[in-house]
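Everything below concerns the one structure shown next.
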Amino acid sequence: MPHPQWQNELQNGIQNIEDLARLNISKEEISIMTNVAKTYKVRVPQYFLNLIEWENPNDPIRKQVLPSEKELVSNAFELEDPIGDQKHSPVERLTHRYQDRVLLFPTYQCSTYCRFCFRKNFLRDNSQVFSRKAMDEALLYVKEHTEIQEVILSGGDPLMLKNEELEYIYQRLKKIEHIRMIRIHTRMLATLPQRVTSDLISAITGKLMVCLVTHINHPQEITSETAAVCQSLRQAGFMMLNQCVILRGVNDQVDTLHTLMRELVYRLGVKPYYLHHCDLARGTGHFRTRIDETQNLIKQLRGYLSGLCQPTYVLDIPGGYGKIPIGPDYVQDHNEQSWMFASYKGEACSYREIVM
Ligand code: SF4
């Protein structure tokens, strides 16, 4: 039987260090990338490579997916596990940080290894693939903890699983009475939208609510292929959100964020959910923006874009303390009777509190 198109795209792309030599770039660049790829894995599907404008040295997709020597530079405060996944992991492949939801890691493989990834230090091991034994143990934990209502499939990229493996997880979760939603975090609607087939949709459709959270960082990642699969997923009844990461030199421009948020909402029908501050993962410092600079960018979204287009800017506090919103503060002062605010244009304005 011929391979599905998405598997061909993977096979024809960059799959390992040796494939880097096929790129139409200088030998010196290939040598640097080869050296970095000995520490951090590299993989890019042909489809995503085709979206790179090779004549542009600052191409936003190229920066996100091709290794840079800057990844080998780190700071003593950067961490292997910046958001504390392991600290809150009672059983293998599961993190229980917040009371009513858990993260499940069915695989640590991805279609594309993003150079800024906060889990890049976990993704080095090729043997960390789907394991029914590990899933059964994690699912037993979910069953025994009735406070859990939502299970988030993360990784790695859960859409790297076979349809049967995803269906297995879906069917098991469907039988647990206290589970009300499955959330799937995937980068593949940008990197390899061909992965979304009617068979995949059937494997994870049923009585359980499914929320698909895409990861799209730049408008250049949005194509007619992505738009078509988003439409199929919406028509099949999936809730659709996007999370992105603010990345220096990739999307830290007002115009880029305006276009990205509008394209997500108006073209894809996907609600911007989180804009993540780039976590303190080792080897990602060159992507990190300053918090105050990013707050200034966020100020230029509120009031200028529809409320539907506003993501929440968040920081995952190192050590596993969870996310906090770190967007700009519009409250300037308050006392028992009145509040002073700054409008989206920066004008000072007051509000008198009247409670009968
Ligand atoms: S697809 Fe997600 S988990 Fe995989 S490298 Fe990219 S950001 Fe990390």
Open item on the list: Cβ contacts < 6 Å: first residue more than 24 Å from Leu49 (Cβ to Cβ), restricted to segment 194-221; second residue hydroxyl-bearing (Ser, Thr, Tyr) and assigned to a helix (DSSP H, G or I), any location; separation 6+ or different chain. Result?
Closed with: Ile204/Tyr170
Task: Residue satisfying all of: in segment 72-83; assigned to a loop (DSSP other than H, G, I, E, B) and farther than 22 Å from Tyr141 by Cβ; farthest from the ligand (Cβ to nearest atom) among these - done: Ala76
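For segment 127-147, name all the residues that are part of a loop (DSSP other than H, G, I, E, B), in contact (Cβ under 8 Å) with a residue 12 or more places away in the chain and away from the ligand (no atom under 16 Å from the Cβ).
Within segment 127-147, the subset part of a loop (DSSP other than H, G, I, E, B) is 127-131, 145-147.
Keeping just the survivors that are in contact (Cβ under 8 Å) with a residue 12 or more places away in the chain gives 128-131, 145-147.
Scanning segment 127-147 gives Ser131, His145, Thr146, Glu147.
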Task: All positions within segment 148-168 that are under 20 Å from Tyr98 (Cβ atoms) and more than 9 Å from the ligand (Cβ to nearest atom) - done: Ile148, Gln149, Glu150, Val151, Ile152, Leu153, Pro158
Task: Residue, farthest from Arg180 (Cα to Cα), within segment 84-113, restricted to residues that are β-branched (Val, Ile, Thr) and in a loop (DSSP other than H, G, I, E, B) - done: Thr112
TODO: Would you point out the residue of segment 86-111, among those that are in contact (Cβ under 8 Å) with a residue 24 or more places away in the chain and hydroxyl-bearing (Ser, Thr, Tyr), that is surrounded by the most Cβ atoms within 10 Å (Cβ to Cβ)?
DONE: Ser111
TODO: Spot the failing condition for Leu308; the list is (1) surrounded by 20 or more Cβ atoms within 10 Å (Cβ to Cβ); (2) assigned to a helix (DSSP H, G or I); (3) of a type in the set (A, V, I, L, M, F, W, C), and only one is missed.
DONE: (1)
- [ ] Tell me, please, whether a residue that is closer than 17 Å to Val91 by Cα, within 10 Å of the ligand (Cβ to nearest atom) and not in a helix (DSSP H, G or I) can be found in segment 119-126.
- [x] yes
- [ ] Hey, could you check segment 169-207 for residues that are within 16 Å of the ligand (Cβ to nearest atom) and assigned to a loop (DSSP other than H, G, I, E, B) and say which is nearest to Leu103 (Cα to Cα)?
- [x] Arg187
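Here, each number is a calculation from the coordinates, and none is a lab measurement. This is a predicted model, so every value here is computed, not measured. Reconstructed Cβ throughout: ideal geometry from the backbone, glycine too, with neighbour counts over all protein chains shown.
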